[in-house]
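Some notes on the structure that comes next.
The values are calculated or read from the model by the stated rules, or taken from the named source; none is laboratory data. This one's a predicted model, so the numbers in the text were calculated from it and none came from an experiment. No Cβ is skipped: glycine too gets one built from the backbone with ideal geometry, and neighbour counts run over all protein chains shown. Heads up: the accessible areas ignore ligands, DNA and RNA and are worked out on the full protein's heavy atoms, side chains in. Shrake-Rupley method; radii C 1.70, N 1.55, O 1.52, S 1.80 Å.
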Protein chains: 2
Amino acid sequence: MKQHFSSVWTRESRPAKSTTLSRDQIVRAAMELLDAEGLDALSMRRLGARLGSGATSIYWHVANKDELLELVMDEVFSKVALPAPDVTGWRDAASVFAYGLRAALFDHPWSAALIGTRPSIGPNAMELSARLLRTFSLAGFEGMALDYASSTLMAYVLGATTPEIAWRAAMAGAELNDEGLMAGVKSVVDRAAADHPELAERYAEYDGMDPDIARKLNFDFGLTCILDGLQARLGR
Amino acid sequence: MKQHFSSVWTRESRPAKSTTLSRDQIVRAAMELLDAEGLDALSMRRLGARLGSGATSIYWHVANKDELLELVMDEVFSKVALPAPDVTGWRDAASVFAYGLRAALFDHPWSAALIGTRPSIGPNAMELSARLLRTFSLAGFEGMALDYASSTLMAYVLGATTPEIAWRAAMAGAELNDEGLMAGVKSVVDRAAADHPELAERYAEYDGMDPDIARKLNFDFGLTCILDGLQARLGR
DNA sequence: GAGTCTGTCGTACGCTGTGCGAGTGACATC
DNA sequence: GATGTCACTCGCACAGCGTACGACAGACTC
């Protein structure tokens, strides 16, 4: 039995005549719950309770939980700023985009687990990529290269950010100052270092460094590296 | 209540004296189940059944389902080839790595959903990144830049591949030849195009193109772009 | 007053991860 | 041979999950 391709964006939202519940409210409440307690904490029952209504009432406004997640995920993309490139120059605009997307994902860490799960084709995601295309278009990219350039940048930001989020989540609760809590991390790292002298050398350089700053430097390196690579393609 | 950082890699595997069940067997069976039926199909009961044993027997060899997923995920990284850079030159080695990782992820599409979930610190992941470091080291990168360079490449591959996998999964069952099945995709795309003329122009260029080939071209563009950016950094 | 449409919700089904404790067989020690 | 200890398996049970279904209430139309 073949399945049709289907997604929330394929259907219209229910007309919002309802007084007590609406798709917007549901999405907003889901976002709050996700931000506060993470992906596992979002259940239809808990969400219903937070909205002061029955769990199954939600299903009038949303087909199923997957679609709800699609809606919430798209909301994340709405929070990414992207300045007009004719004001700032395309490199600055692209940088602001990259840092903005990174920040938006950090603000909603549960999104890291959803990215690999469904394509981002909601209106906000579309709007964002259209603006990114415009940026690169004004920069001088044309034809396929225009598309390629913007998805290269997008890919880098996603691929750099999601593992960062995974790290942060794994460390949640463990604090740097408390040696006992970090012992687990250290033992994993030590084991790796023991087998691979190259890794040991690398880790040594990070000693005593704030991991957030280290990650930011890392991100910035890759970003300017990509922008350089793109720029080289502009002169043909 | 604070939580300790903990992971499978922190503990030793149970000594493999067991005749009927072993960690390796469990991981292998889990991988088969995941490949055949996807992430949702993996339940401890189904896995137990496939192994011809009770569901809860698994818990003697693996602390919980999360750890099992960590183990299976690490197995994916073991399948990535990386040629010695002194034979092929660092750019070729890096390309082979990138395509190899991409292929490994494609072979196990469920991995896309796990990448944002937990840091990849298993022995195979470590081994792979150590080899990548060696590659860039021989290329001439030093200090922090060595680390940055390899994680930039890693980030790009992950970020480019996971959305591709998400797309493929969403299209599963829908075939290009069958217009009816693709109608859903088309309506989403059309809606986006209506709101954003830039997007419409882009989509038009892909018309009639094999999407797999289009994606490969896209991937290749970004990859050479990054390698160029990295190379520019080599001459200081 | 009757009928229809919109929206809510209680109940129920089949499924999940996993804690617990009972059970089994191999081996060591007396 | 009896007893004890360990490595391992597994049935049961619990709390929770997503969601199909049908009953129900209120508003609006004829």
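Which of the three applies to the stretch A:8-72, rounded, prolate or oblate, going by the alpha-carbon gyration tensor with a ≥ b ≥ c and a/c under 1.5 meaning rounded? Since a/c reaches 1.5 but b/c is at least a/b, the shape of the stretch A:8-72 is classed as oblate.
Since only B:Ile26, B:Leu128, B:Ala160 are under comparison, the one whose Cα sits farthest along the positive direction of the charge dipole of chain B, derived from C-beta charges on Lys, Arg, Asp and Glu, is B:Ile26. Of the residues A:Val96, A:Ala41, A:Trp60, the one whose Cα sits farthest towards the positive end of the charge dipole of the stretch A:1-159 is A:Trp60 (charges of +1 on Lys and Arg Cβ, -1 on Asp and Glu Cβ, taken about the Cα centre). Within 10 Å of the Cβ of each residue in B:141-154, the mean number of Cβ atoms contributed by other protein chains is 5. Backbone phi angles across the stretch A:153-159, fed through the Karplus curve with coefficients 6.51, -1.76 and 1.60 (θ = phi - 60°), yield HN-Hα couplings of 4, 4, 4, 4, 4, 4, x Hz in residue order; Gly and Pro are listed as x.
Across chain A, Cα pairs under 8 Å and at least six residues apart give a relative contact order of 16 percent.
If only the Cβ of Lys and Arg carry +1 and only the Cβ of Asp and Glu carry -1, the dipole of the stretch A:8-72 around its Cα centre is close to 320 debye. Measuring between their Cα centroids, the stretch A:36-92 and the stretch B:58-134 lie 30 Å from each other.
Taking label positions 7 Å along the Cα-Cβ direction at both A:Asp66 and B:Met144, the computed distance is 4.4 nm, reported to one decimal.
Taking a point 7 Å from the Cα of A:Lys186 along the Cα-to-Cβ direction, the residues of the stretch A:199-216 with backbone N closer than 13 Å to it are A:208.
Scalar couplings 3J(HN,Hα) for the stretch B:103-113, obtained by applying the Karplus form with A = 6.51, B = -1.76, C = 1.60 to θ = phi - 60°, are 5, 4, 5, 4, 5, 10, x, 4, 5, 4, 6 Hz; x denotes Gly and Pro. Across identical copies of the chain, A:Ala41 has label-point separations of 3.4 nm, listed in ascending order, with the point defined 7 angstrom from Cα along Cα→Cβ. Across the stretch A:125-133, coupling constants 3J(HN,Hα) worked out from phi with the 6.51/-1.76/1.60 Karplus curve, θ = phi - 60°, read 4, 5, 4, 5, 6, 5, 5, 5, 4 Hz, and Gly and Pro carry x. Its Cα centre serving as origin, the protein assembly as shown has a Cβ charge dipole (Lys and Arg +1, Asp and Glu -1) of approximately 920 debye. In this structure B:Tyr156 has an accessible area near 0 Å², from a 1.4 Å probe over the protein heavy atoms.
According to the square roots a ≥ b ≥ c of the eigenvalues of the Cα gyration tensor, what is the shape class of the stretch B:44-88, taking rounded for a/c under 1.5, prolate for a/b larger than b/c otherwise, and oblate for the remainder? It comes out prolate by the Cα gyration axes. How large is the translational diffusion coefficient of chain B in µm² per second when you combine the Kirkwood radius over alpha carbon pairs with Stokes-Einstein at 4 °C and 1.567 mPa s? For these conditions, the coefficient is 63 µm²/s. With the charge dipole of chain B set up from +1 on Lys and Arg Cβ and -1 on Asp and Glu Cβ about the Cα centre, the Cα lying farthest toward the positive end among the listed residues B:Leu71, B:Ala194, B:Gly116 is that of B:Leu71. Calculated mean residue ellipticity at 222 nm for the protein assembly as shown: -21500 deg cm²/dmol, from DSSP H runs with n ≥ 4 weighted as -39500 (n - 2.57), summed, divided by the residue count and rounded to 500.
Put simply, when B:29-35, A:46-52 are sorted by average Cβ atoms within 10 angstrom per residue, most first, you get B:29-35, A:46-52.
Is the stretch B:20-153 rounded, prolate or oblate when judged by the Cα gyration tensor, a ≥ b ≥ c being the square roots of its eigenvalues, rounded requiring a/c under 1.5 and prolate requiring a/b larger than b/c? Here the stretch B:20-153 falls in the prolate category. Three principal axis extents of the stretch B:78-188 based on alpha-carbon atoms, in descending order, are 54, 29, 23 Å. Partner shielding of B:217-227 amounts to 6, given as the average count of beta-carbon atoms from other chains within 10 Å of each residue beta-carbon. Residue pairs exceeding 32 angstrom between C-alpha atoms, taken from B:Lys65/B:Lys216; A:Lys79/B:Lys216; B:Lys65/B:Lys186: B:Lys65/B:Lys216; B:Lys65/B:Lys186. Dimensions of the protein assembly as shown from C-alpha coordinates, computed as largest minus smallest value along each principal axis and given longest first, are 62, 58, 48 Å. Peptide B:121-128 has a mean of 3 when you count, residue by residue, the C-beta atoms of other protein chains within 10 Å of its C-beta. What you get for chain B, charging only the Cβ of Lys and Arg (+1) and of Asp and Glu (-1), is a dipole of about 1160 debye around the Cα centre. Legend: P(r) of the stretch B:102-152 from all alpha carbon pair distances, 10 Å bins from 0, whole percents, reading 23, 43, 29, 5. When only Cα pairs below 8 angstrom with a gap of at least 6 residues are kept, the stretch B:8-75 shows a relative contact order of 34 percent.
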